[in-house]
1. Filtering segment 208-230 down to residues that are in contact with a Leu (Cβ under 9 Å, 6 or more places away or on another chain) and in a helix (DSSP H, G or I), which residue is nearest to residue 76 (Cα to Cα)?
2. Residue check, residue 274 against (1) among the aliphatic types (A, V, I, L, M); (2) at pLDDT below 95; (3) open to solvent by less than 40 Å² (accessible area, probe 1.4 Å), all met but one. Which one?
3. Taking segment 51-95, which residues are of a type in the set (A, V, I, L, M), within 21 Å of residue 151 (Cβ to Cβ) and touching a Ser or Thr at 6+ places or on another chain (Cβ under 6 Å)?
4. If you check 230, 200, 175, 220, which single one turns out to be open to solvent by 60 Å² or more (accessible area, probe 1.4 Å), within 16 Å of the chain's Cα centre (by Cα) and over 24 Å from residue 145 (Cα atoms)?
5. Please go through segment 99-143 and pick out each residue that is modelled with pLDDT under 95 and of a type in the set (Ser, Thr, Tyr).
6. Of the residues in segment 199-234, how many are under 21 Å from residue 179 (Cα atoms) and in contact (Cβ under 8 Å) with a residue 24 or more places away in the chain?
7. In segment 114-151, what count of residues is obtained for those that are outside any helix (DSSP H, G or I), over 23 Å from residue 229 (Cβ atoms) and among the small types (Gly, Ala, Ser)?
8. Take segment 160-180 and flag every residue that is closer than 21 Å to residue 68 by Cβ, of a type outside the set (S, T, N, Q) and in contact with a helix residue (DSSP H, G or I) (Cβ under 8 Å, 6 or more places away or on another chain).
Amino acid sequence: MAALPFKLPLPLSSTSPSLHLMMSSRREETNAIAAIGQSAHDRGWSSLSELCELLGLPEIDKAEDIQFQHKRMKAGQWIFSSGDKFESVYIVKSGCLKALLLDESGHEQILGFPLRGDVLGIDGMHAERYASHMVALTECELVVVPFSDLVALGRQYALMQNWFYGAIGRELVREHAIVALLGMLGAEARVARFLIFLSERFQAMGCSATHFNLHMTRQEMGSYLGLTLETVSRSLSALQDARLITINQRAVSLLNIELLRTLKKIQIPAPLCANRHIENVQQQILPSAFKRNNSIWSSLAIPILVNS
């Protein structure tokens, strides 16, 4: 089995005091800053009926009588940390977060970017302590579901139990997908698949599948995809040069979803590899007759897409 491109989380019993102190300090500082100005009206409640609507489940009888508290977080706030006691799962009502691990030096390994409808904290079921950190990337609203209540609901309502099992299965499928992506595809294809993943998620939420913002940084995207910051930036530029996407800072538009979905790699033609500045190359190697024929040079300027 190929080695994973990141370190496995440290066992809780071996977590160093310095790492524990660093995590606690980082979480307390960001949460304290974000909590300034937060008041009681920031907290809300959802009935089981509203929760079912969020999750796309059928209506449940007497569901209005069961209420769950909301937790509103500002960008940078920590929802929970690895090693915290597991008591609740959190269902994302709005916003984007990042799940991560931290090594001894404080380096982040991103595990995922939860969005609306995702369940946070399932990894805490194993040892009754959360096994990862969860941080808000944007303003978020979470529905807090105590695990004991979720178990009781599962016994009373079969569809809730089936939904929870499905949520666990979905996380496993996503983990398998990212392992396959890391092991089988090059940089441009990894970035392309990631954009398709986001496109499908936004479409499922009723948003545009072709125009959306990237809530994560290039560094965070690279950590998730096993790429460096520079490689992510080059890959996005290559996809844009290939006319598959347009990107302006964090705003991205997908121009050809089907090609992005099947792309294996992008090959830059030899003239562009020698010199990416078209005007300079024209002046150096092209006769004047060819300079006037834009169609000839345009055919050289389009990267070759490999889809098989």
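1. So the first thing to find is which residues in segment 208-230 are in contact with a Leu (Cβ under 9 Å, 6 or more places away or on another chain), and the list is 209-212, 214-226.
From the residues that got through so far, the ones that are in a helix (DSSP H, G or I) too are 218-225.
On the way: 218: 17, 219: 16, 220: 14, 221: 17, 222: 19, 223: 18, 224: 18, 225: 21 Å.
Filtering first and then ranking leaves 220.
2. Here residue 274 meets the rest and fails (3).
3. Residue satisfying the conditions is 63 alone.
4. Numbers: 230 fails: within 16 Å of the chain's Cα centre (by Cα); 175 fails: over 24 Å from residue 145 (Cα atoms); 220 fails: open to solvent by 60 Å² or more (accessible area, probe 1.4 Å).
On inspection, the qualifying residue turns out to be 200.
5. 105
6. Number satisfying all stated conditions: 12.
7. 4
8. Within segment 160-180, the first condition is being closer than 21 Å to residue 68 by Cβ, and the residues that meet it are 160-168, 170-171.
The next check asks that each one be of a type outside the set (S, T, N, Q); those that pass are 160, 163-168, 170-171.
Answer for segment 160-180, where residues must be closer than 21 Å to residue 68 by Cβ, of a type outside the set (S, T, N, Q) and in contact with a helix residue (DSSP H, G or I) (Cβ under 8 Å, 6 or more places away or on another chain): 160, 163, 164, 167, 168, 171.
The values are calculated or read from the model by the stated rules, or taken from the named source; none is laboratory data. On a predicted model such as this, the values are computed, not experimentally measured, just so you know. Glycine also receives a Cβ, built like all others from the backbone with ideal geometry; neighbour counts cover every protein chain displayed. All accessible areas refer to the heavy atoms of the entire protein, side chains included, with ligands and DNA or RNA removed. Shrake-Rupley method; radii C 1.70, N 1.55, O 1.52, S 1.80 Å.
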